[in-house]
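The values are calculated or read from the model by the stated rules, or taken from the named source; none is laboratory data. What you see is a predicted model; the values in this text were computed from it and never measured. Here the Cβ is made from the backbone with ideal geometry for all residues, glycine too, and neighbour counts use every protein chain on show. These area figures cover heavy atoms from the full protein model, side chains too; ligands, DNA and RNA do not enter into them. Shrake-Rupley method; radii C 1.70, N 1.55, O 1.52, S 1.80 Å.
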Amino acid sequence: MALRSVFVKTARAMPSAVNCSQRAMSAAAETVEFPSYVLKAPTTDITTMDSGLRVASETVMGSETATVGVWIDAGSRYETAANNGAAHFLEHMAFKGTQKRTQQQLEVEIENMGGHLNAYTSREQTVYFAKVFKHDVGNAVEILSDILLNSKLDEAAIHRERDVILREMSEVNKQQEELVLDHLHATAFQGTGLGRTILGPEENIRSLTRDDLKGYIDTHYTAPRMVIAGAGAINHEELCEMADTHFGALPTVPKNGVEIAMEPAVFTGSDIRVKFDSDNMAHVALAFESASWTSEYAFPLMLMQTILGSYDRASGLGKNVASKMCQEIAGGELAHSISTFNTCYKDTGLFGIYTVAPDNKLDDLFWYTLSNLVRLVHNVSPEEMERAKTNLKATMLMGLDGNSNIAEDIGRQMLTYGRRMTPAEIFSRIDAISADDINATAAKFINDQDHALAAVGGIHELPDYNWIRRHSFWLRY
């Protein structure tokens with residue numbers, strides 16, 4: 001309600017502040033109209049402890065369960081070539097016992113609560129979280145602190161876990177999309193932290209020692225780099241007290257006193273092609289360097305992703321998708337599936353498409369795909385803009401269904417923005433995007449720009465780098 005009253009006061013003050021036309025005033029009034037479910041969205045309470053540790057939570061009234069977790073500003077891009085894979089290895093070791101709990105005791109305690117304890121590692125973040133009943137939130141926070149701060153890192157457990165991670169690597173490499181996107185990062189950001197895989201190379205998995213893992217913790221697991229986020233049946237003041245009790249001993253600086261600077265991402269226009277003549281399917285990812293989370297281009301890029309859309313021939317829509325690019329591809333049966341991705345990092349990003357297509361249709365597929373990418377530089381219809389804005393808003397709101405999704409959103413935004421955007425702000429930013437903004441964004445990141453490409457499978461008809469580079473712009477006289 002406070003947000004609504006501020007907008008109303010602003011709108012009423014405008015005529016006395018500036019001499020504007022009735023049409024301009026009407027347009028201004030329209031920009032501040034939000035649905036009630038947006039204005040009445042729960043607030044996010046944020047507290048910064050003396051150590052620099054941030055605690056953020058959203059209370060969901062009537063909820064009987066809660067998700068609470070620790071989001072750490074550390075992932076595979078903060079590793080070196082020598083210890084690549086350490087963050088992911090630590091994720092595995094966290095559940096193998098602490099100074100006060102054996103692995104079995106930890107598992108039994110979580111199961112007795114009816115809870116769920118999990119973790120994941122990405123290129124820029126490491127996350128440990130628990131889903132529990134509301135009366136077990138305190139126990140969950142204590143367990144999270146125990147596995148993070150007091151992990152035993154037993155030598156025998158480290159040795160056993162090597163085989164587990166190698167099996168995981170084998171399974172990941174069987175998933176063509178995961179494999180291709182890893183190749184894409186490796187070629188796009190070659191020689192930098194973002195180009196390394198999350199699991200690390202096989203030789204590192206076999207050779208990482210307890211000292212390597214301990215060194216990673218001492219360097220990156222500091223209070224200013226952590227956010228404790230919760231959603232659901234959470235009392236913010238109580239969560240702050242729990243954080244102070246169980247995470248109060250967190251160091252504020254690395255053990256050696258030296259902060260490790262983030263290695264800048266350097267984009268290199270290049271491609272990597274793994275050809276299998278016996279394979280009649282191709283898995284291809286094409287990407288251009290794009291913008292960071294905090295860039296002014298971040299939201300226009302999200303809208304561009306929605307405009308281009310995705311298509312899967314097994315879906316119910318079939319050829320009746322709204323996206324012009326997908327209509328053309330579906331109409332010519334040029335691909336089994338195609339999707340647009342927009343991946344953001346702290347200082348860069350990747351915008352592009354991932355497709356699975358027959359080996360004998362790649363030439364036509366990339367003709368239509370590049371034509372539609374470059375089209376965004378020159379013309380976007382009002383209908384496309386309106387449909388994409390509605391779609392993007394719905395996607396963002398649906399992504400907040402459930403306590404775990406809300407906690408994930410809080411943790412990620414706190415690490416990337418230093419705050420959490422309200423739904424009203426997100427809607428405002430989406431509504432403010434014009435067709436000219438889309439044209440300008442596409443001109444900056446797509447038009448006549450170098451690209452990165454990764455392809456695996458039957459790719460004998462895949463156009464070469466120069467052909468794709470040449471079709472990243474139109475000659476118009």
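On the basis of the beta-carbon distance and an R0 of 56 Å, T80 and T390 show a calculated FRET efficiency of 0.80. Full extension of the chain between E238 and Y37 yields a length gain of 69.6 nm, computed as 0.36 nm times the residue separation minus the alpha carbon distance. For the listed peptides 463-475, 300-312, 147-159, a ranking on the average number of other beta carbons within 10 Å per residue, highest first, reads 300-312, 147-159, 463-475. Extension gain, K255 to D431: 0.36 nm times the residue separation minus the Cα-Cα distance gives 58.7 nm. Under a crude label model (7 Å from the Cα following the beta-carbon direction), how far is K319 from E109 in nanometres? Reported label-point gap for K319 and E109 is 6.0 nm. Take every pair of alpha-carbon atoms less than 8 Å apart whose residues are at least six positions apart; their mean separation over the length of the chain yields a relative contact order of 20 percent. The structure-derived value of mean projected area of the Cα convex hull in nm² appears in the list (i) 26.5; (ii) 27.7; (iii) 31.7 under the label (i). When you filter the chymotrypsin sites (Phe, Trp or Tyr not before Pro) in the range 385-458 for DSSP loop state and at most 16 other Cβ atoms inside 10 Å of their Cβ, you are left with Y417. Look at where the Cα atoms of the range 187-262 and of the range 39-84 average out, and the two centres are 13 Å apart. Cross-link reach is defined here as a Cα-Cα straight distance under 20 Å, omitting same-chain residues fewer than 8 places apart; for K324 the aspartates and glutamates meeting it are D312, E333, D363, D364, E383, E384, E386, D436, D437. Starting from 0.36 nm per residue, how many nanometres of slack lie between R167 and H471 once their C-alpha separation is accounted for? Taking 0.36 nm per residue and subtracting the Cα distance, the gain is 105.4 nm.
Return the carbon/sulfur percentage of the accessible area of the range 218-316, one whole number, probe 1.4 Å, all protein chains in place. Carbon and sulfur: 49 percent of the exposed surface of the range 218-316. Relative to the Cα centre, the charge distribution of the range 281-357, modelled as +1 at Lys and Arg Cβ and -1 at Asp and Glu Cβ, gives a dipole magnitude of about 180 debye. Taken about its Cα centre, the chain carries a charge dipole of roughly 960 debye when the Cβ of each Lys and Arg holds +1 and the Cβ of each Asp and Glu holds -1. Taking each of K134/K346; K174/K389; K131/K214; K96/K393; K319/K393 in turn, the alpha-carbon distance tops 30 angstrom for K134/K346; K174/K389; K96/K393. In the chain, the DSSP-assigned H stretches of four residues or longer account for a calculated mean residue ellipticity at 222 nm of -14000 deg cm²/dmol, using -39500 (n - 2.57) per stretch and the full residue count as denominator. Rolled with a 1.4 Å probe across the full set of protein chains, the surface gives I46 an accessible area near 80 Å². Here the range 395-474 is treated with +1 on each Lys and Arg Cβ and -1 on each Asp and Glu Cβ, and its dipole about the Cα centre works out to around 220 debye. Think of the chain as having a plus end and a minus end, set by charges on the Cβ of Lys, Arg, Asp and Glu; of A231, Q449, L213, Q449 sits farthest toward the positive end of this dipole. Extending 7 Å from the Cα toward the beta-carbon at both N118 and T294 defines two label points whose distance is 3.0 nm. Per residue, the accessible area of the chain comes to 46 Å², computed with a 1.4 Å probe over protein heavy atoms only. Between M398 and Q176, the C-beta separation translates, for a Förster distance of 22 Å, into a calculated FRET efficiency of about 0.20.
So if R0 is 22 Å, what FRET efficiency would S371 and F276 give, r being the distance between their Cβ atoms, rounded to the nearest 0.05? My answer for the efficiency is 0.20.
Counting charges near V356 (Lys, Arg +1; Asp, Glu -1) among other residues having Cβ under 14 Å from its Cβ returns a value of -4.
Each Cα pair under 8 Å and six or more residues apart adds its separation to the average, and for the range 197-297 the resulting relative contact order is 28 percent.
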